[in-house]
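Laboratory data are not the source of any read-out in this text; all were calculated from the coordinates shown. All values derive from a computational prediction rather than experimental measurement. Glycine gets a Cβ as well: all are built from the backbone with ideal geometry, and neighbour counts include every protein chain shown.
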Amino acid sequence: MRKPATKARRVVAKGTSKQPARIAKEGAEGVDTPAQLIDAKIKELNDWRGETLARLRTLIKQADSEVTETWKWRGVPVWEHAGIICTGETYKAVVKMTFAKGAALDDPSGLFNSSLEGNVRRAIDIREGDRIDEKALKALIRAAVALNTSASSRKKTIPK
């Protein structure tokens, strides 16, 4: 007999200036913030993927000081501002940065190199030794935030 499904809890830690919300991890005695979970993931990787994820995290925070870090889908770092900006998935051969609304973003530097066939998402696969165009990536992050905030402001002004 299968166990009944449990609801996933959203884990949120906004920026670094405020005390983050804390939740208990299922089956664990302690509590971890999203920032602590991301720190642990980076440390656990202990190779180029951890270094790359840490660098991406820093660039995201530099591009948007109001970004919210979350931890979803059993171990995926997610960065949000008025909706999901992007995720930071780690695989054996790549660190994948998936932009939730990437198809709607201009990418003049050609950073998107994965999930190009979809109607909504776009991703950047970063392999060991790849150089990150930091200026272009920050611009893409800012564009994603602008898209999210314009979409959320439209929702608030539409009468029901």
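Once the piece of chain linking S109 and E134 is laid out straight, how much longer is it, given 0.36 nm per residue of separation minus the C-alpha distance between them?
Result: 7.9 nm gained on full extension.
Using every pair of alpha-carbon atoms in the range 29-155, split the distances into 10 Å bins beginning at 0 and state the percent of pairs per bin, rounded to integers.
Final binned percentages: 13, 46, 33, 7, 1.
Which pairs, out of K72/K138; K41/K92; K43/K138; K41/K101, put more than 20 Å between their alpha-carbon atoms?
K72/K138; K43/K138; K41/K101
Could you give the size of the charge dipole of the range 29-155 about its Cα centre, using +1 on the Cβ of each K and R and -1 on the Cβ of each D and E, expressed in debye and rounded to the nearest 20?
Roughly 300 debye for the range 29-155.
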